[in-house]
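Below is one structure, written out as structure tokens; the observations come after it.
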Amino acid sequence: MNYFKGTEDYVLSPELKDSVNVSIALGRPLLIKGEPGTGKTLLAHSIAKSLGKELIIWNIKSTTKAREGLYVYDTVQRLNDSRFGDRDVSDIKQYINLGKLGVAFSAPEQAILLIDEIDKADIEFPNDLLNELDEMSFYIPETSELIKAINRPIVIITSNSEKELPDPFLRRCVFHYIDFPAEALMEDIVKVHFPDIDKKLVKECMKKFYWIREFDMLRKKPSTSELIDWIQALTIGGIPAKNIEKEMPFLGTLLKKQEDVELVANAGKNHYAYNSSMRTRNVY
Amino acid sequence: MFINFFFNLKAAGVPVSLHEWITLHHALAQNLNDCSLTRFYHIARSILVKNEIHYDRYDIAFLDTFKDVETTDEMLDKILEGLKKVKELKLTEEEKKQIQQLDLDEVLRNFEQQLREGHYKGHVGGNKAIGTGGRSTQGAWGYNPAGVRIGQGVSRHKRAVQIAEKRSFRNYSSDITLDTRQMRVALSHLRSLLPISPEEKLNLDRTIDATCKNAGEIEFVWETKEKKASKVILLMDSGGSMDPYSTLVERLFSASSSQISRFKHYHFHNCIYQDLWTDMERNSSISTAELLKNEDDDYKVIIVGDGEMAPSELTWVNGAIDYWYYNDIPGQVWLQRIRDKFKDSIWLNPLPMRSWNYVHSIRLIRSIFPMFELTLEGLDDGIRFLMQGKSKLYDMH
């Protein structure tokens, strides 16, 4: 049986591991949500590596249609061929190009299918895939061919919650929300990226990083990948750990908006004056 | 009874269906939770709850159902904690064999005795837990020398009930007032105001034309079908009691303004009179009458304000709160004029809905505008209300 244990280069919480294994055991798609930079997409890569299976990635754009994932019937090519007689146009099969879902279904070995950022697409998109993901099969009327999964692929779906997903679709998924890593887990993540880094530097960076993240007024909170970039910059720049507290060098790698940089740079040690969270105000 | 968990979830407001409940049973039948309540907590959540805003309610329901359940997890943690102390302990082959031969009951009895003798600190009511531990494999696991390494990762775990008690997902719950954490999500709800992505379509006539001109060489002409974009006017109360909200609300909307084709926003203080201010400090203004006259009536109007004021500010001539401001038409009339002109209009209120009926001025405003809470759910409801055109039919009388 497939059992996902995680890989060395991807630190994950035991809950997430359980969710992955539940989804594999039940044969249901795993829907992953979470803040940007919490490693949603990387999870699929890690699963593929851990289980030694092929990873098929379907990147969703705002114009992606559900049918494109199944197959595309290239009528234009067929029309062109019919005029020059290059190929036998009565053989429709050669004009049917399987989409990512079709490729995953017809793979001889069990594959892992990553449907990345499903919320980018039209609101009806997930609904159009309900039956295909349930049955793991679809029918091509042009060639009267049934594409049926030989081995049900492991389906990982990521979402940035830009759009609500329809209920019938959600009912069929196993859902996991990747919470922003707490400091202990984050230290493990940093260690994976920088195996022999100065412990003091990490400690100072983490302190600063979580301090910055507490600002309520930030336009864009720094995420894990930005922390990694920052530490990389600090190591290359050879900044000693004791300077981080006061100077906050290379702040631009953490914060991508000018207003945020100013906000943090101007803030003293006590930043609560800037904290205008509505929750702090007790109306009654 | 286990089924109570299902009904508790329903009662707590988690939209869980029978479909998912049965899926959970499939998972339990395969023992995916490995007899652990903590893992059951996570696995059941991943199957039953499909949105992080319901995690908090799930915690409440979980607490209700399982708060009195004795678990083996706690004991496992204790054993592992104890084992950490003997981590360096090197066992000879013979000793390992002895451990393997140990009867589980005997091990537990031994452990219990050690607990009683006080070898492990902080022992609370562990006796019972050890008793039930016999049915789990974990007890034996913990004593396995190999288990030490597995255990170190696991011992970060807390007991499921403790996790639920912590209610760490409270912030994701959708009924607290918007704060920055939820801005992104809120923004995404505003996206339903945005035009739907253009669709490519073959223009047959022009394709035939182009092909003819091209001497029969096929040339396709595609056209994009642009859907009509939304126009939004945001009117925002920015004074006194609204101060804590105003910057947030403005940022919320200005962030989405780049995507809404026509976006205007103005400020007012408590109630709208003949002037609308274009900045928060209320230095420059435009005339409300001009706005009503000049703008198309297909704008969607969203008014944000707490509506908490003296009734006189709405009903009196010269009722405006600012002493330097004179209005010869009562605020209520201005509101009604805006409402009459822009049929698609809603009022968002940061105050909780339960308080609305106790504030006279809010009752007055609600007789004019449909009102929604300025929370994720309220915003969502409000936008849906706008987009479905229900706002036109709104009538409180």
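The values are calculated or read from the model by the stated rules, or taken from the named source; none is laboratory data. Since the structure is predicted, the reported quantities are computational estimates derived from the model, not experimental observations. Don't worry about glycine lacking a Cβ; one is built from the backbone with ideal geometry, like all the others, and counts go over all protein chains shown.
In table form, for the structure just shown:
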{"quantity": "Whichever residue in segment A:264-284 is within 12 Å of chain B (Cβ to nearest Cβ) and part of a helix (DSSP H, G or I) and, among such residues, is modelled with the highest pLDDT", "calculated": "A:Tyr274"}
{"quantity": "Residue satisfying condition, being within 14 Å of chain B (Cβ to nearest Cβ), over 21 Å from the mean Cα position of the chain (by Cα), surrounded by 15 or more Cβ atoms within 10 Å (Cβ to Cβ) and not basic (Lys, Arg), within set A:Val72, A:Val89, A:Val76, A:Val20", "calculated": "A:Val72"}
{"quantity": "Candidate set: segment B:1-33, residues that are touching a residue at least 24 places away in the same chain (Cβ under 8 Å) and at the interface with another protein chain (Cβ under 10 Å from one of its Cβ atoms); chosen: the one surrounded by the fewest Cβ atoms within 10 Å (Cβ to Cβ)", "calculated": "B:Pro15"}
{"quantity": "Any hit, segment A:2-12, residues being in contact (Cβ under 8 Å) with a residue 40 or more places away in the chain, surrounded by 20 or more Cβ atoms within 10 Å (Cβ to Cβ) and either under 30 Å from A:Asp188 (Cβ atoms) or within 14 Å of chain B (Cβ to nearest Cβ) (or both)", "calculated": "yes"}
{"quantity": "Residue within segment B:295-302 that is modelled with pLDDT of 85 or more and within 27 Å of B:Ile53 (Cβ to Cβ) present", "calculated": "yes"}
{"quantity": "Of the criteria (1) at the interface with chain B (Cβ under 10 Å from one of its Cβ atoms); (2) out of contact with any strand residue (DSSP E or B) (no Cβ under 9 Å at 6 or more places or on another chain); (3) surrounded by 18 or more Cβ atoms within 10 Å (Cβ to Cβ), which one A:Lys65 fails", "calculated": "(3)"}
{"quantity": "Subset of segment A:207-241 [surrounded by 14 or more Cβ atoms within 10 Å (Cβ to Cβ), of a type in the set (A, V, I, L, M) and part of a helix (DSSP H, G or I)]", "calculated": "A:Ile212, A:Leu227, A:Ile228, A:Ile231, A:Ala233, A:Leu234, A:Ala241"}
{"quantity": "Pair list, Cβ under 7 Å, 6 or more apart: segment A:196-208 residue of a type in the set (Lys, Arg), other residue surrounded by 16 or more Cβ atoms within 10 Å (Cβ to Cβ)", "calculated": "A:Lys208/A:Ile244; A:Lys208/A:Met248"}
{"quantity": "Hits in segment A:141-163 - residues which are among the charged types (D, E, K, R) and either within 8 Å of chain B (Cβ to nearest Cβ) or closer than 30 Å to A:Lys203 by Cβ (or both)", "calculated": "A:Glu162, A:Lys163"}
{"quantity": "Positions within segment A:120-169 being in contact with a strand residue (DSSP E or B) (Cβ under 7 Å, 6 or more places away or on another chain) and over 17 Å from A:Ile56 (Cβ atoms), in sequence order", "calculated": "A:Tyr139, A:Ile140, A:Glu142, A:Thr143, A:Leu146, A:Ser159, A:Ser161, A:Leu165"}
{"quantity": "Strands (runs of 3 or more DSSP E) wholly inside segment A:108-206 containing at least 3 residues that are of a type in the set (Val, Ile, Thr) and surrounded by 14 or more Cβ atoms within 10 Å (Cβ to Cβ)", "calculated": "A:154-159"}
{"quantity": "Test result for A:Ile244, assigned to a helix (DSSP H, G or I) and surrounded by fewer than 15 Cβ atoms within 10 Å (Cβ to Cβ)", "calculated": "no"}
{"quantity": "Unique match (being surrounded by 21 or more Cβ atoms within 10 Å (Cβ to Cβ), at pLDDT 90 or above and more than 13 Å from chain B (Cβ to nearest Cβ)) among A:Ile47, A:Ile32", "calculated": "A:Ile47"}
{"quantity": "Qualifying position, being surrounded by fewer than 18 Cβ atoms within 10 Å (Cβ to Cβ), under 21 Å from B:His269 (Cβ atoms) and among the small types (Gly, Ala, Ser), among B:Ser345, B:Ser361, B:Ser287", "calculated": "B:Ser287"}
